Structures are given as C-alpha cells and as structure tokens.
C-alpha cells in the first residue's frame with residue numbers, strides 16, 4: 001500500500017474518551033481487501049474507513065470491521081470528513097461508497113470542525129443462500145423474536161443517532177483524536 005496515514009478518531013464528541021471510535025486510513029490508493037481487513041483488525045475499532053484520492057473533494061471510501069468489509073458506516077464517515085478537513089481544509093467532500101455517493105460538508109463551531117452527511121436511501125435486498133445461513137447465526141431481531149435473516153432481508157445502509165441533526169437524512173457532529 002502506498003504511504004498511508006492511519007488515524008484513530010472519536011466521532012460524535014469533543015471528548016477524546018467519548019463518542020464512537022473509528023479508524024481512518026488516508027492514502028492515494030486503496031490496499032488489497034485482505035490488507036484493509038488486517039489493518040482494521042489491528043486498529044481494533046468496530047469500523048475503520050479507508051480513503052483513496054488525490055487530495056481533492058472526491059474520495060473512494062471502503063469500510064472494514066475487524067472481521068469483514070461493511071457497506072457503510074456513519075461514524076467512520078463523519079470521522080473521515082473531519083480528518084480530511086484537518087488535513088487539507090476541505091469544507092465539502094464526496095465519498096464514493098459501496099452504497100452510493102455520500103456528500104459531507106464540514107464547518108466550524110467555536111474552532112471545532114462539525115461534519116454533516118447526507119445518507120443515501122436505504123435499500124433492502126434478498127440474501128443469497130450462504131449469506132442467509134450466516135446472517136441467521138449472526139443477526140437477531142429481538143423485537144419479533146426471530147432473525148432478520150430468516151425473513152431474507154437486510155439493510156444495506158444505515159444512519160446513526162447523534163446529539164443534533166438537521167432533518168431525517170442529515171447527521172451532525174464533530175470528531176477528535178481518540179486517546180487511550
């Protein structure tokens with residue numbers, strides 16, 4: 001992988017001991033999927049975002065948990081946008097993700113960067129047989145007492161509740177370096 005910056009940030013907070021931790025890896029190109037998975041496991045957070053771009057406003061983003069690639073992660077997207085702002089001063093970026101283009105704007109409030117993302121429309125898709133069996137073991141719908149996989153459906157993107165929002169599809173928060 002070309003020289004990449006590996007950051008550990010906390011989204012949705014201005015306290016380095018709070019919020020949602022996310023890894024952010026910024027480089028000119030993406031590593032191979034098995035290398036991204038290895039790095040995500042090494043970072044050890046629930047998700048790590050991998051960004052590739054030439055330093056402009058459009059970036060390719062992929063998200064990995066320590067165990068697998070995931071299609072989208074809101075808090076890692078927020079952390080990524082703040083990292084790009086702190087690196088280059090970008091006040092608007094577009095992240096090309098597995099679920100579509102996610103525009104993010106960054107502004108400051110009392111000197112602290114705040115990122116606002118607009119989620120792509122969620123979609124539901126049938127699961128393939130092997131995925132269905134795996135999801136049945138991993139995913140439980142506690143409200144109905146049966147697995148989401150048993151219904152053969154899954155969400156391919158999600159939103160995350162945060163302290164402040166500008167409407168149903170906008171989420172706003174800051175991110176700060178994660179300590180400890």
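Values as computed for the structure displayed
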| item | result |
| --- | --- |
| Gyration tensor verdict on segment 1-127 (Cα atoms; rounded if a/c is under 1.5, prolate if a/b is larger than b/c, oblate otherwise) | rounded |
| Cα extents of segment 1-70 along the three principal axes, largest first (Å) | 31, 29, 19 |
| Residue 28/residue 67 FRET efficiency (R0 35 Å; Cβ-Cβ; nearest 0.05) | 0.85 |
| Peptides 98-111, 39-52 ordered by average Cβ neighbours within 10 Å, highest first | 39-52, 98-111 |
| Fully extended contour minus Cα-Cα distance, from residue 6 to residue 128, at 0.36 nm per residue | 40.5 nm |
| Computed E for residue 14/residue 91 - FRET, C-beta separation, R0 30 angstrom, nearest 0.05 | 0.95 |
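No value in this document is a laboratory result; all are computed from the given coordinates. All figures in this text were calculated on a predicted structure; none of them were measured in a lab. Please note: Cβ atoms are built from the backbone with ideal geometry, for glycine as well, and neighbour counts cover all protein chains shown.
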